[in-house]
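The values are calculated or read from the model by the stated rules, or taken from the named source; none is laboratory data. The model shown is predicted, which means the values in this text are computed figures rather than measured ones. Neighbour counts run over all protein chains shown; Cβ positions are idealised from the backbone, glycine included.
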Ligand SMILES: Nc1nc2c(c(=O)[nH]1)N[C@H]1C(S)=C(S)[C@@H](COP(=O)(O)O)O[C@H]1N2
Ligand SMILES: [Mo]
């Protein structure tokens, strides 16, 4: 099977967007022509991509109230949630205007789109939204997202995030431990993995129309990983309901693993016996495996993982094994033999 795709990390370093042309949301809304110029990318290719998202000119930029505006979120009364100080950082929190304008969300665009997805995502309606819980559970059900969120006790945690493409951030997520969800969902003891699936809606998500990816986005965890204290379902960020680009209304955060494991905008959670094959593993199994634990000593086949670029400070810092969370999670992997835990 040959799938044509070109993720941003296939571009040479010189073609990547330099930090110096970091674009604010205002600049982006100001017009597509300026954007293309500022990015220093071939106008034709870039314009084609922007066209596909309806963003190729100021006059084509989405107008009117965005259906995905988090200010209208029906759960906003739950914020800010109790801060859990068990989770601390060794680096500054990434400013919101940076993390909210540098997002990986392939449903809304691919290469070079980090700076562009936020505004496109805002067009995604956040409600109605349901999450289907199925597979090896006492009772399969479909729950409204507001009922699910209100059934959980929200808290705020500071977490680091390390993308496989060697950038990182540190943010205050709000959400609830995955293990609380698991107790609530009541899987059978035969369940070995928890599989999570993103929405499928090519009308809203241009990336799902344009690219030959095996949509919907899927990934999974073992039950032991899912019920580890660190595994967190995110509903908010910076003390507010999360803007769509962060994966509203429900996304995973597993900070000891590369970012692609943290599935966004989840609509289905299944308890299964077979190990799920994630979207990236399906496309490039040699480069993106199931475990995907962060390890500076195991390079990606095409680049080093020894260090990372902090998108907040712009500085490069050494990457730590399990992204610095080894104390909490290394035990999960103690008995596992003959598997590539770090890719
Ligand atoms: N559905 C979906 N989930 C996703 C992705 C995606 O493209 N689609 N990208 C992943 C990757 S590679 C990373 S690094 C993080 C980025 O999260 P952020 O944009 O909130 O920083 O989301 C992950 N979850
Ligand atoms: Mo990533």
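The figures follow:
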| quantity | calculated |
| --- | --- |
| Condition check for residue 311: within 16 Å of ligand 1 (Cβ to nearest atom) and modelled with pLDDT of 95 or more | yes |
| Residue within the stretch 218-235 that is within 16 Å of ligand 2 (Cβ to nearest atom) and farther than 21 Å from residue 168 by Cβ present | yes |
| Subset of the stretch 221-255 (residues that are under 24 Å from residue 320 (Cβ atoms), more than 14 Å from ligand 1 (Cβ to nearest atom), in contact (Cβ under 8 Å) with a residue 60 or more places away in the chain and in a loop (DSSP other than H, G, I, E, B)) | 228, 229, 230 |
| Where residue 281 falls short, out of the listed (1) under 23 Å from residue 212 (Cα atoms); (2) in a strand (DSSP E or B); (3) within 16 Å of ligand 2 (Cβ to nearest atom) | (2) |
| Scan of the stretch 187-217 for residues that are closer than 24 Å to residue 171 by Cβ and within 13 Å of ligand 1 (Cβ to nearest atom), ordered by number | 196, 197, 198, 199, 205, 207, 217 |
| Among (1) within 16 Å of ligand 2 (Cβ to nearest atom); (2) more than 15 Å from the chain's Cα centre (by Cα) - the single one residue 198 does not satisfy | (2) |
